Amino acid sequence: MIELKNISKTYGMKQALKNINVTIKPGEIFGLIGHNGAGKSTAIKSLVSIIEPSEGEIWVDGEQLSENRLNIKKRIGYVSDSPDMFLRLTAAEYWNLIAVAYDVSEEEKTKQLKKFMELFDMTEHQSEVISSFSHGMRQKTFIIGALLPNPDIWILDEPMTGLDPQASFDLKELMKQHAAEGNIVLFSTHALEIAQQLCNHIAILKKGEILYDGTTQDLIAQNENESLETIYLKLAGRQSKVEENESSALFERGE
Ligand SMILES: Nc1ncnc2c1ncn2[C@@H]1O[C@H](COP(=O)(O)OP(=O)(O)OP(=O)(O)O)[C@@H](O)[C@H]1O
Ligand SMILES: [Mg+2]
């Protein structure tokens, strides 16, 4: 179980997260949705220990993250929002690095890589440098790296971005299977139809605050069975008159 308790994060004057409280249970596929700049990556980076929240506590299965970072980090497979890293390494060199860092045995590494390289059509590209890859191929390289050590908690920041329909389908199947085995899968996305399809638990963020936290089923049932896209736009979309007037003025000026 992952618990975010009263999490706030400020960058200088900017408050990126305001008093976030969320509990994610084993077996859940938890989707974080929200406009650009809503705070999704900030919440995710706090969970994977890349940044430190300004206030609040994160607990994983009864252990406080700030007191047990190494233990908890070992349990997490993280895919960042930007696959532009380790560009000079080949895919295989990058995966070897991960295997060493996470203490994955040679046998396990071979088994996992065979499975994932075949699934994501990366076998023939394993000896090529990451800088020569397309965006989607880089994304697949980092997804394989994150899943290689067999982590029980998956934290994926916009994982489907750039993936072709086959890879996107396969990743969704892996996510469903992992959650069905009693593990946590947490991801952010702008693809609301994917969130509706996959998530049993959803949180909608707007300007660092949670507008909704609950089951996808309840959210849809409470809104006359409309699509998640329609509900999301009603809740988090442009609402105030000022914002509407500003945007129609922009359209009229052709900006
Ligand atoms: N390193 C940083 N320094 C200063 N401000 C930051 C930093 N990272 C994020 N922010 C600010 O925090 C807010 C939340 O950003 P965040 O990246 O969490 O949004 P997001 O929901 O992931 O957006 P997107 O959908 O575009 O990925 C934004 O206003 C952003 O400008
Ligand atoms: Mg982001």
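A short reminder: the numbers here are calculations on the coordinates, not readings from a lab. These numbers were taken from a predicted model, which means no experiment stands behind them. Here the Cβ is made from the backbone with ideal geometry for all residues, glycine too, and neighbour counts use every protein chain on show.
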Segment 85-150 - convex hull of the alpha-carbon atoms, volume per residue in Å³: 72 Å³
Virtual spin-label span in nm between Glu57 and Lys114, 7 Å along Cα→Cβ: 4.6 nm
Calculated SAXS-style log₁₀ I(q)/I(0) at q = 0.11, 0.14, 0.16 Å⁻¹ - segment 127-248, Debye, Cα scatterers: -0.49, -0.73, -0.89
Least to most buried among Val129, Val22, Val100 (fewest other Cβ within 10 Å first): Val100, Val129, Val22
At 1.567 mPa s and 4 °C, Stokes diffusion of the chain via Kirkwood alpha-carbon radius, µm² per second: 67 µm²/s
Segment 1-135, relative contact order in percent, only Cα pairs under 8 angstrom and at least six apart counted: 21 percent
